[in-house]
1. What number of residues within segment 39-61 are surrounded by 20 or more Cβ atoms within 10 Å (Cβ to Cβ) and either aromatic (Phe, Trp, Tyr) or more than 9 Å from the chain's Cα centre (by Cα) (or both)?
2. Take segment 36-46 and flag every residue that is out of contact with any helix residue (DSSP H, G or I) (no Cβ under 7 Å at 6 or more places or on another chain) and over 16 Å from CYS71 (Cβ atoms).
3. Here is a list: ARG33, ARG28. Which entry is charged (D, E, K, R), part of a helix (DSSP H, G or I), at negative phi and surrounded by fewer than 14 Cβ atoms within 10 Å (Cβ to Cβ)?
4. When the residues of segment 40-69 are filtered to those that are modelled with pLDDT of 90 or more and in contact with a Lys or Arg (Cβ under 7 Å, 6 or more places away or on another chain), which remaining residue is nearest to ALA23 (Cα to Cα)?
5. Name the single residue that is surrounded by the most Cβ atoms within 10 Å (Cβ to Cβ) among those in segment 70-82 being modelled with pLDDT of 60 or more and part of a helix (DSSP H, G or I).
Amino acid sequence: MLATMTASPETFADRLKAAITAAGVSQRELAERVGVRQATVSSWCTGRTLPDLDDAYRTALALGVHLEDLCPTAWGKAPRGQEEEA
């Protein structure tokens, strides 16, 4: 079952760091699960670079979150759980 992140940090890097902490994994463990180098995950966490869509999807799966939780604005949406009520 996928978890829903409760915090709403502003950037992909902030959201990724929060998801890593919530999942209780290290950057190295995440890198192994996603199939990238630890330096790549570190670069995402500092905001120097962004993952491509495939890596972002694998990262979300590895962390047990929805892709929208990591990058909601890519779809023009508010983070899950923070949508405005109509």
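The values are calculated or read from the model by the stated rules, or taken from the named source; none is laboratory data. No experiment lies behind these values; they were computed from the predicted model shown. FYI the Cβ positions are ideal-geometry reconstructions off the backbone, even for glycines, and counts take in every protein chain you see.
1. The total comes to 3.
2. The answer is ALA39, and nothing else.
3. ARG28
4. ALA62
5. LEU70
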